[in-house]
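Data first, discussion second: the structure below is written as structure tokens.
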Amino acid sequence: MQRADQVLPRSRTSTVLHLFSSVGCCFFILALLCSAKTLQGQNDEAGIRLLQNQCLDCHSGPRADGELDLSVLIKQRPLVKEYDIWRNIFQRIALGDMPPADHAKLTVKQKEAFSNWYTSAIYNFDYDSVRHPGYEPVRRLTHVEYQNTIRDLFKIDLADVSKFTADLSGRSGFENSANTLFLQTGLFEKYTQSAESLVSRLFAPTAAAPLIRAKQKLLKIENRQLAGSERAREIIRRFGNRAFRRPIQPHELDDLLKIFESTFQQHGDFDAAIQKPIIAVLVMPQFLLKVESETSGFEPQKISDFDLASRLSYFLWATMPDNQLLRLASEGRLSEPQVLSEQVARMLSSTRARALGTVFAAQWLGFDDVGIRRRQDPIDNPWCTETLMEAMRAESALFFYSLLRDNQPLHRLIDARYTYLNEELARHYGIKGIEGTKMRPVRLKTTKRGGILTHASVLSVTAFPDRTSPVVRGYWVLASLLGTPPPEPPPDVGEISAQVLNRDDLSFREKVQLHSRNPQCAACHQEMDPIGFSLENYDNFGRWRSRQYGETIDAQGQLPNGQRFVGAAGLRDVIVSQRMDDLTRQMARKMLTYAIGRQLDFYDEAALRKIVETTRQDDYRFQTLLMAIIESYPFQYKQQFQSASE
């Protein structure tokens, strides 16, 4: 479906979103109608009866309109299992899109009754009644995790994943989502080739000094008197403990030692023989996959300290646990609250925690697309260099990591008065006095820049290759940043007509506004468009401009509640003053999703609300949010596969 002026770019947002999304004033009005007194007297089946009476003619059976079979949906229990669908139904009814124009419209009283029922049955559902930690499926390492793990395992950057098939992002929007991390035959062959290549480089007779040092660390053992099989056993044991992220089992060690002995007995060359079990470890499921310890029965159980170490390290560092985490896990102390808190603080102070910017934030906000899916033709745009695009990504990644490291309040993501620049990016922004290629923190003296909304990386991924799109940018702010997207466009609502686009007497803003007057479009566009137009001073690659097509850019906006604002600075004020709860919930949902490596489900809602409330009570601090996620039920517990309803 096309929205307004063009097809929207790939969105990394999930759709499990909370009720009142501020799509339009109608949502706010309906919410006010849902007082506690009204809810107490509301019939629990009112909403279902309305759907049965008004909607089943079109939405039931194998040929249901829009493939929405309400006759099946209303029989599911609990109803919140299909939260996404119910939310969309509520939005459609609230906006008046449903029933369609050729059917009888709902009365105000019917809409009010449905809103009350929805609030009671869906939004205010007792999520503690479906307490469930979720199922932690076995999944492979992402390519980034694999590369980082190899680096930390050998203490040198050896892995080359450039020829691996690209990782996909699932509904969660993250590449570490379990439902996309399959181990295909072709990929396993790449793992085998990678393992053989890196071990061969490590043991090459003409290896460079860094490789020689890495080999020496690998083969070094405390008891220098050991030789042959005993020496090999110690090397394999120590390597296996780290590669498997938990103590290697006796049978695993014995099998690997047999591989060594088979080669050693034939050739008598220790170095040649020890390479074989090392390669074997690197292609074993225990290394390539995130395999957690088994649980007994179907009751929720707290994860082991070794599993906690891995969850922590791949969440905060996108790599394997270090020796300190593994030592504390072996002592059974990592899960102690004070120890856990100290370790999280230590991990955040490490440069490896920059992965929260380069991986988590990049995938959540979409700026990892810069230089890949978002770039300019270098022939026509010689200024758009690889180094500029690298700096654009680095600015946003370093900025996000700094907010976490320094425990800033969440609103600093929006209104911070500093950023990270080098000379090339500063020149792109028109900021003087920055020299050199190194990225460094820079205090901003202009209101034109400040916060993630004015980063060139974000501004470029929310535009088209040849021009900006207020609709796309407005949608991105609502959906990706605040987690409150408008509903999908109703059927038969297309893009701006060619007749409108070709009118020279209208500015681009006027063309979009003319399209938005369509009653089927107005409710969503009145929220999206003002946001997008407030960012029109930035071109499709984030450069500031005050004029376009010979006319002064109009960056004014007015929200459905009547509030007016101007430009990015005004938008920042609106978000910080009115939408902090939305921003907090969205960041909590996205970070929890990334931390546990799966799409959130309805039974995660209780944990999510607790995380948000904990963060709110501590002045919306970044580290409070992160620690609340680590201490949450889904992060600390697991359960064998079983449907939540069972």
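From the alpha carbon centroid of segment 352-410 to that of segment 111-157 is 24 Å.
Taking Cα centre as origin and charging only the Cβ of basic (Lys, Arg, +1) and acidic (Asp, Glu, -1) residues, the dipole magnitude of segment 578-638 rounds to 140 debye. Volume per residue for segment 324-370 equals 86 cubic angstrom (convex hull of Cα atoms). Given +1 at the Cβ of Lys and Arg, -1 at the Cβ of Asp and Glu and no other charges, the dipole of segment 34-125 around its Cα centre is 300 debye to the nearest 20.
Between helix 228-243 and the chain, what is the angle of the helix's C-alpha long axis to the longest principal axis, kept within 0 to 90° and rounded to the nearest 10? Tilt of helix 228-243: around 10 degrees. Model label points for Lys155 and Lys217, set 7 angstrom from Cα along the Cα-to-Cβ axis, are 0.4 nm apart. Under a model in which nothing but the beta-carbon of Lys, Arg (+1) and Asp, Glu (-1) is charged, the chain shows a dipole of about 1560 debye around its Cα centre.
Taking a virtual spin label 7 Å from the Cα of Lys432 along the C-beta vector, which residues in segment 440-464 bring their backbone nitrogen under 15 Å of it? Inside the label zone: 445-446. Calculate, for Ala101 and Leu56, the FRET efficiency according to 1/(1 + (r/R0)^6) with r their C-beta to C-beta distance and R0 25 Å; round to the nearest 0.05. For Ala101 and Leu56, the calculated efficiency is 0.85. Projecting the Cα atoms of Gly47, Asn223, His267 onto the dipole axis of the chain, where Lys and Arg carry +1 and Asp and Glu carry -1 at the beta carbon, places Asn223 farthest toward the positive end. Each of Val339, Gln556, Gln249 was scored by the projection of its Cα onto the charge dipole of the chain, and the greatest displacement toward the positive side belongs to Val339; charges sit on the C-beta of Lys, Arg, Asp and Glu. Distance between the pseudo-spin-label points of Val566 and His267 (7 Å out from Cα toward the beta carbon): 7.6 nm. When the pairs Lys155/Lys220; Lys215/Lys276; Lys155/Lys438; Lys81/Lys290; Lys155/Lys258 are compared against a 18 Å limit on Cα-Cα distance, Lys155/Lys438; Lys81/Lys290; Lys155/Lys258 fall above it.
Compactness of the chain, taken as the C-alpha radius of gyration over 2.2 N^0.38 Å, stands at 1.07. The share of C-alpha pairs in segment 140-290 whose separation exceeds 18 Å stands at 59 percent. Against the chain, whose longest principal axis is taken from its Cα atoms, helix 108-118 shows a tilt of about 20°.
Toward the positive end of the charge dipole of the chain, with +1 on the Cβ of Lys and Arg and -1 on the Cβ of Asp and Glu, the farthest Cα among Gly96, Cys384, Tyr637 is that of Cys384. In a solvent-free Debye calculation with one equal scatterer on each Cα, what is log10 I(q)/I(0) for segment 34-125 at q = 0.17 Å⁻¹, listed in the order of the q values? For segment 34-125, the Cα-only Debye profile gives -0.71.
Legend: P(r) of segment 60-176 from all alpha carbon pair distances, 10 Å bins from 0, whole percents, reading 10, 25, 23, 16, 15, 9, 2.
Each of Asn241 and Lys109 was given a label point 7 Å from its Cα along the Cα-to-Cβ line. The distance between the two points is 7.5 nm.
Dividing the summed helix terms, -39500 (n - 2.57) for each DSSP H run of n ≥ 4, by the number of residues in the chain produces a 222 nm estimate of -14000 deg cm²/dmol to the nearest 500.
Quick note: the coordinates plus some simple rules give every number you see, no bench work behind them. Predicted, not measured: the structure shown is a model, and the values here were computed from it. When we count neighbours, we look across all protein chains shown, and the Cβ atoms used for this are built from the backbone with ideal geometry, even at glycine.
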